[in-house]
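As C-alpha cells, the structure follows; a few thoughts come after it.
The values are calculated or read from the model by the stated rules, or taken from the named source; none is laboratory data. This is a predicted model, so every value here is computed, not measured. For neighbour counting, all protein chains shown are included, and Cβ atoms are generated from backbone atoms with ideal geometry for every residue, glycine included.
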C-alpha cells in the first residue's frame with residue numbers, strides 16, 4: 001500500500017566510527033584493527049594459529065547456496081571468450097548477444113579503445129589514490145566537463161560505478177526522521193540499498209503512479225526534506241518514468257527529484273538521457289547515470305548543479321573512499337561521450353533495430369509487455385516457461401536471460417532481450433527465426 005513505511009532492520013548507519021566497524025573482539029590476544037592480524041606477527045602459513053577467533057563453522061554458507069541452487073536462483077555466469085560485441089564467443093561457440101547493456105556498441109569503438117590505450121601509456125595503469133587526496137587527474141576533470149556539457153548542466157561528478165553513486169549520494173541528501181524518501185516500487189536494488197543507509201522516513205508509491213505519489217507527498221507535507229527517487233528506464237520491463245509529471249508534482253510540494261538514468265543514457269533524448277528526453281534540464285536535482293551501459297566503458301556519474309557536485313565530493317563516502325578511475329577508463333569515458341555527440345548514427349541505429357525487432361516479435365504472437373525502449377521482454381508467465389525459452393535460445397546460438405520469480409512476480413516471468421546498434425538486420429532476422437522455433441516448441445506461441 002502506498003505511503004506505508006519500509007522497515008529496515010539492523011541497518012548500518014554511516015555515522016558509526018570506522019574503527020567500531022572493523023574491530024574484532026577476541027579474548028585470546030589483541031588484533032591489529034586494520035589487518036586483522038595478531039600483534040605479535042602471524043606464524044607458520046601466514047594464517048591465525050589454532051585457538052584463534054576465526055569462525056570455523058561456515059556450513060551456513062553451503063546451506064544457503066544449496067537453497068538457492070535447489071530453487072534455481074543461483075548465479076552461474078557465462079564466460080565470454082571475446083569482446084562484448086553483437087556476436088561473442090561463449091564456451092567456444094559463436095553466439096548472438098542480446099543480454100548486454102552495450103546499447104551503442106561502443107565498447108569496441110576505435111576512438112574509445114585508442115583513447116584508453118593512449119592514456120594508459122601516458123599516465124599509467126592506475127591513479128594511485130582516491131580522488132580526494134592525490135587521485136584526481138586532469139583526465140577526470142576533462143571527462144566530467146564533457147559529460148556536463150553533454151547533459152546541458154553546470155557540473156558532473158564521476159563515481160566508480162552507478163551503484164556507488166546511489167549508495168554514496170542518497171544517504172547524504174537526508175538527515176533523519178524529520179525527512180522522507182519516496183520511492184517507486186520497482187526501483188533498482190542500488191537505490192534500495194542507498195535508502196536503507198538512511199534514517200529518513202520511507203514511503204513507496206505504485207509503479208509510475210503520479211497520482212499516488214502526490215497522495216504520499218500530501219501525507220508527508222510536514223517533512224523537512226522530501227526526496228523523490230525513480231529509475232529513468234526500468235530495467236526489467238523497459239518502460240520509462242513519467243519524469244515530466246513527477247517534476248511538476250515535486251515542484252508543487254517542494255520536493256527534490258533524484259533519477260537513476262543508467263539505462264536511459266545513450267538511449268533517450270538523442271543519447272543525453274531521460275532529462276533531455278522531457279526537456280527538464282535545470283529542474284531535476286540529481287541525475288545519476290552509468291558509463292557501463294550505452295557508453296560501453298565503466299563507472300557512474302551524477303550530473304546537476306555545481307553546488308550539487310561540491311556537496312557530493314565532500315560528503316559521499318563511496319566517492320571519498322574509492323580509488324579513482326584508472327587513466328585509461330577516464331579517457332575512454334570522455335571519448336565515449338564525444339562519440340555520441342559526434343556520431344548520432346549510433347543512437348539512430350539503436351532505435352531502428354529496437355522498432356523493427358519489437359514489431360516483428362509482436363507479429364509472431366509474442367507479448368512484449370509495456371516496453372518502449374531497447375529493453376524488450378518476451379513475457380512468459382511462469383518461471384519454468386521462461387527458463388525453457390532461454391535454454392532453447394541458447395541452444396540456437398542466441399544469448400538471452402530468463403528473468404524469474406522472485407526477481408519479478410510469479411506470473412510475470414520473462415526472457416529479456418536488449419538491443420544494440422551493432423546488430424545487423426541479418427542478426428535480428430536470425431534471432432527472430434530462433435524465437436519463432438523456440439516459442440512454438442514450448443507452446444508459447
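It is to be established whether one or more residues within region 249-263 are free of Cβ contacts under 8 Å to residues at least 40 places away in the same chain, on the phi > 0 side of the Ramachandran plot, surrounded by fewer than 24 Cβ atoms within 10 Å (Cβ to Cβ) and in the same structural domain as residue 163 (by TED's automatic domain parsing).
Yes, that holds for at least one residue.
Hey, can you tell me all the residues within region 392-408 that are under 17 Å from residue 368 (Cβ atoms) and more than 20 Å from the chain's Cα centre (by Cα)?
Within region 392-408, 393, 398 meet the criteria.
Criterion first (loosely packed, with under 11 Cβ neighbours inside 10 Å, under 30 Å from residue 338 (Cα atoms), modelled with pLDDT of 95 or more and in the same structural domain as residue 291 (by TED's automatic domain parsing)) does residue 125 satisfy it?
Criteria met by residue 125.
Among (1) without any contact (Cβ under 8 Å) to a residue 40 or more places away in the chain; (2) surrounded by 24 or more Cβ atoms within 10 Å (Cβ to Cβ); (3) not in a loop (DSSP other than H, G, I, E, B), where does residue 312 come up short?
It is condition (1) that residue 312 fails.
Would you be able to tell me the number of residues in region 137-155 that are more than 24 Å from the chain's Cα centre (by Cα) and either within 24 Å of residue 267 (Cα to Cα) or surrounded by 13 or more Cβ atoms within 10 Å (Cβ to Cβ) (or both)?
1
Condition test on residue 192, is it in a helix (DSSP H, G or I) and surrounded by 15 or more Cβ atoms within 10 Å (Cβ to Cβ)?
So residue 192 passes the test.
Can residue 245 be described as in contact with a helix residue (DSSP H, G or I) (Cβ under 7 Å, 6 or more places away or on another chain), surrounded by fewer than 20 Cβ atoms within 10 Å (Cβ to Cβ) and modelled with pLDDT of 95 or more?
When the stated conditions are applied, residue 245 passes them.
Would you check if there is a residue in region 324-335 being surrounded by fewer than 18 Cβ atoms within 10 Å (Cβ to Cβ) and modelled with pLDDT of 95 or more?
no
For every residue, the table says whether it meets (1) in contact (Cβ under 8 Å) with a residue 24 or more places away in the chain; (2) under 21 Å from residue 327 (Cα atoms).
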{"site": "71", "(1), (2)": "no, no"}
{"site": "75", "(1), (2)": "no, no"}
{"site": "81", "(1), (2)": "no, no"}
{"site": "97", "(1), (2)": "yes, no"}
{"site": "117", "(1), (2)": "yes, yes"}
{"site": "121", "(1), (2)": "no, yes"}
{"site": "127", "(1), (2)": "yes, yes"}
{"site": "131", "(1), (2)": "yes, yes"}
{"site": "159", "(1), (2)": "yes, yes"}
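Would you confirm, using the coordinates I've provided, whether residue 421 is assigned by TED's automatic domain parsing to the domain that holds residue 189, touching a residue at least 24 places away in the same chain (Cβ under 8 Å) and either surrounded by fewer than 20 Cβ atoms within 10 Å (Cβ to Cβ) or not in a strand (DSSP E or B) (or both)?
Here the answer is no, as residue 421 does not meet what is asked.
For region 368-384, check the following and say yes or no: at least one residue is within 23 Å of the chain's Cα centre (by Cα) and assigned to a helix (DSSP H, G or I).
No - not one qualifying residue is present in region 368-384.
Just checking, how many residues over region 333-352 are in a helix (DSSP H, G or I), in contact with a helix residue (DSSP H, G or I) (Cβ under 8 Å, 6 or more places away or on another chain) and under 14 Å from residue 266 (Cβ atoms)?
Of the residues in region 333-352, 10 are in a helix (DSSP H, G or I), in contact with a helix residue (DSSP H, G or I) (Cβ under 8 Å, 6 or more places away or on another chain) and under 14 Å from residue 266 (Cβ atoms).
Of the residues 189, 162, 168, 194, which is modelled with pLDDT under 95 and within 25 Å of residue 294 (Cα to Cα)?
189
Pairs needed: first member in region 211-222, not assigned by TED's automatic domain parsing to the domain that holds residue 184; second member anywhere, modelled with pLDDT of 95 or more and not in a loop (DSSP other than H, G, I, E, B); C-beta distance under 6 Å; at least 6 residues apart or different chains.
none
Can you name every residue in region 264-284 that is assigned to a loop (DSSP other than H, G, I, E, B) and buried (at least 19 other Cβ atoms within 10 Å of the Cβ)?
Listed by number, the residues that qualify are 264, 265, 266, 267, 268, 272, 273, 278, 280, 284.
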